[in-house]
Every structure is written in C-alpha cells, then in structure tokens.
Amino acid sequence: MNVTKLELINFRNYEKYKLENLKQKNIILGDNGTGKTSILESIYFGSITKTFKSSSDSVVIKKEKDFSVVKIELDINNKLKKLEVRITENGKKTKINGKLKKRLSDYISTYKVIIFSPDEIKVIKGTPQNRRNYINIQISQLNKYYITKLNNYNTLIKNKNEYLKKMYLNKNLDEIYLDIIDKKISELGFEICSYRNEYLNKINNYISNKMKKFKENSSLFIKYNSDFDGLDEEKIFRLLKKVRKKEIIMGVSSVGIHRDDFEFIYNNQNAKEFCSQGIQKLIILSMKLSENELLIKDYGIYPILLLDDLFSELDKTNQNKVLKNLSKQNQIFITTTDLNNIDKKIVNNSNILTLKD
Ligand SMILES: Nc1ncnc2c1ncn2[C@@H]1O[C@H](COP(=O)(O)OP(=O)(O)O)[C@@H](O)[C@H]1O
Ligand SMILES: [Mg+2]
C-alpha cells in the first residue's frame, strides 16, 4: 500500500500544493523552513487525522485561513483509493472515495504510518500524559473500538469527579450513583488496561532484539505501570470501593487507567533517569522498528515510514542498521537538508523531491 499522490490546501506553510508520482522511496530535500516536516506531517494527518507535533490539531491550519485539507491517493494492489481530511476550528470531516464518513473510526488508519522524528524522544522524556497519548494512538491504529472505549471511560471519570465534588459540599448525597459509575469504570478500565498490556507485550516481543542491533549485549523492555494491572473487573471494583472515602475528600478519581504510565527499562535501569540522550534516541528507534515489525509479522501490513531529519542525527553505520531493518515493501519518506548526509546507495535508489522557498 503506497501513497502515490498528495494534495494540500492551507496546510501549514502550503496554500496549494501537489506531489504526484510518489515512489517506494522518496527523499524530500530542502533548506530549513521550506516545509519538509510539514509534508511528512500531512501524510501522518491523512492517516490518523492528528498531528504528531502538538496536542492540538488545528495548528496545521495555515495562518489566517479557517480550514485545511489533505487529499491522499493510495495504491492498494493497483487499486486506487482516494482519501480526504478537512479540518476547521470546529472539527474534522473525512471522506473515502468521495463518501463522507460518519465516524472518525470508519476512516482512521486506512493506511498505517510510523513517524521517526527527533521530537519523539518526548515519549521517554515527557510526561505520563505524553506516553498515554502515544500508546493510545498506536492501539487505535490496530483496534477500531479502542478510542470510543477510551472516550467513554474519560466521560465517566469526568462525571465521577463532578459528583465527588458535589458530595464533598453536600454530605446528604448518596453513594448509589458512585456505585453505578464505578461499576462501569471497572468494566471499561479492565478492557482498556488489557489492550494496553497486550500491545506493550507485543512490542516487547521485538524491542530487545532491535536494540541489540545498535548496542550488543544490551537489554530493553517496556514496563507497564497501571493501578488496574493484574486485576479483573471485580477486583477493580473492590479497589474503587476501598479508595472511595479518600476520593470523596479529595474530590477526584484517584485510581484508574487515566493515571497509567510506562517506562523503558534499559540494562535494568529506567531510561528516563539513567540513559544518555544518545541511548534514548536509539531506544525510540528500536521502538519504532518494533512497531514496524509487529505490523508486518502479526498483521501483514506494511506501514508507511516517515523519517524526519533522522539522518542528520545518526552516523552512517546506524543509518544503515535502521535501513536494513526495514522491509523493501515499506514505502519510505526521508527528509534532509543535505543529500551528503545520506548513504549514496539510498540516494541513488530514491525519488528526490526538492523544495524551494
Ligand atoms: N500553521 C502555519 N501556517 C503557516 N505557516 C506555518 C504554520 N506552521 C508552520 N509554518 C511554517 O512552515 C514552515 C515550514 O516548516 P517545516 O515543515 O517544519 O520546515 P522544515 O521541516 O523544512 O524545516 C516554517 O517556516 C513554519 O514557520
Ligand atoms: Mg523539519
């Protein structure tokens, strides 16, 4: 599955822009600020309808405009599929082959993407929220129902918090409503926790071997930390009951998958605290390579790989290790300011798109 054509309207610095005849391997060449990352971002946006650069998606809208459109043509075994995402301040609309999709879940992940970008180091260095967002996007690419479940869970937490605050002020309110809501939280929380556990286990099947390609004799795995880990629905419900008094006093839901986190354990140590930036970058690369292998081996899907400025960050030996670990069937987009940063063999086999101011 390849992106063969890309059309942008009011997306970042592009007012109207078209790229046609995209190939298996594409290098996007241009000086800083010419819009290389924005092209990768638009390919990501066309799949996930989100940006990887910010928690708000409307930032992609060109300044002083009120909408953006990304149109993608996909070649799926010689069959053409046309995709379109339109975003305004009020929301998003998606189309497949001209037909409006009622739900985002009917659109998302028509093609899969993996972004390799220096910013992704935030998955290690950033907040638990950064990591939860990351894993949510990963799982939603594999499971259509995940995001709906997560949204429903978050609505429950919001309602529960409001009620807890009311209870604190009005001691006469009863706990029956909390019982009902906690029951639902146990059900959904159990499911979401299982999905996350399962996903991280799958990545863990690959990640240590990927890291060993960069650092021999190293070990790496992702450790999932969740209040609900290892508990069934009933035990979760009992846990919620146990913390209820405290929750009424604090006015917030104190346990649940909305507080989940995960950590990278490199050579038995927490990578966030103990690893150099260099190792942290290799950990992120190993995770991305694992995601690719997971999609290929477990799902038979070849994701589109977006390699942003990666080659300015890696020496040629590690570049080649990364590329050797990709499949010939992965469509690849590489950005660079200088072709000399990239191994000649790759340059010679690529379609080169040059951006100008
Ligand atoms: N919403 C926006 N509207 C208009 N221009 C934008 C917007 N967001 C970013 N830009 C501009 O787009 C340009 C291209 O950015 P980028 O794609 O990151 O370039 P590159 O990756 O080639 O360095 C930058 O000059 C940036 O200021
Ligand atoms: Mg860039």
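The values are calculated or read from the model by the stated rules, or taken from the named source; none is laboratory data. Please read all numbers here as calculations on a predicted model, not as lab measurements. No Cβ is skipped: glycine too gets one built from the backbone with ideal geometry, and neighbour counts run over all protein chains shown.
Overview of results
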quantity: Count of residues meeting criterion [touching a Ser or Thr at 6+ places or on another chain (Cβ under 8 Å), away from ligand 1 (no atom under 16 Å from the Cβ) and assigned to a loop (DSSP other than H, G, I, E, B)] in the range 296-316; calculated: 1
quantity: The range 306-324, subset within 16 Å of ligand 2 (Cβ to nearest atom) and among the hydrophobic types (A, V, I, L, M, F, W, C), residue farthest from N340 (Cα to Cα); calculated: L306
quantity: Boolean, S42 is within 16 Å of ligand 2 (Cβ to nearest atom) and at pLDDT below 95; calculated: no
quantity: Among (1) modelled with pLDDT of 95 or more; (2) under 26 Å from E198 (Cβ atoms); (3) not aromatic (F, W, Y), the one test that L100 misses; calculated: (2)
quantity: Qualifying residue in the range 317-330 (condition: modelled with pLDDT under 95, within 16 Å of ligand 1 (Cβ to nearest atom), within 22 Å of the chain's Cα centre (by Cα) and under 23 Å from S208 (Cα atoms)); calculated: no
quantity: Some residue of the range 15-31 being farther than 16 Å from Y111 by Cβ, within 20 Å of the chain's Cα centre (by Cα) and within 14 Å of ligand 2 (Cβ to nearest atom); calculated: no
quantity: Test result for I222, farther than 30 Å from K324 by Cβ, at pLDDT 95 or above and among the aliphatic types (A, V, I, L, M); calculated: no
quantity: Residue ID - farthest from ligand 1 (Cβ to nearest atom), chosen from residues in the range 19-57 that are assigned to a helix (DSSP H, G or I) and farther than 21 Å from R131 by Cα; calculated: G46
quantity: Test: residue in the range 288-295 that is away from ligand 2 (no atom under 16 Å from the Cβ) and part of a loop (DSSP other than H, G, I, E, B); calculated: no
quantity: Extreme residue, surrounded by the fewest Cβ atoms within 10 Å (Cβ to Cβ), among residues of the range 55-107 that are in contact with a Gly (Cβ under 8 Å, 6 or more places away or on another chain) and among the hydrophobic types (A, V, I, L, M, F, W, C); calculated: L83
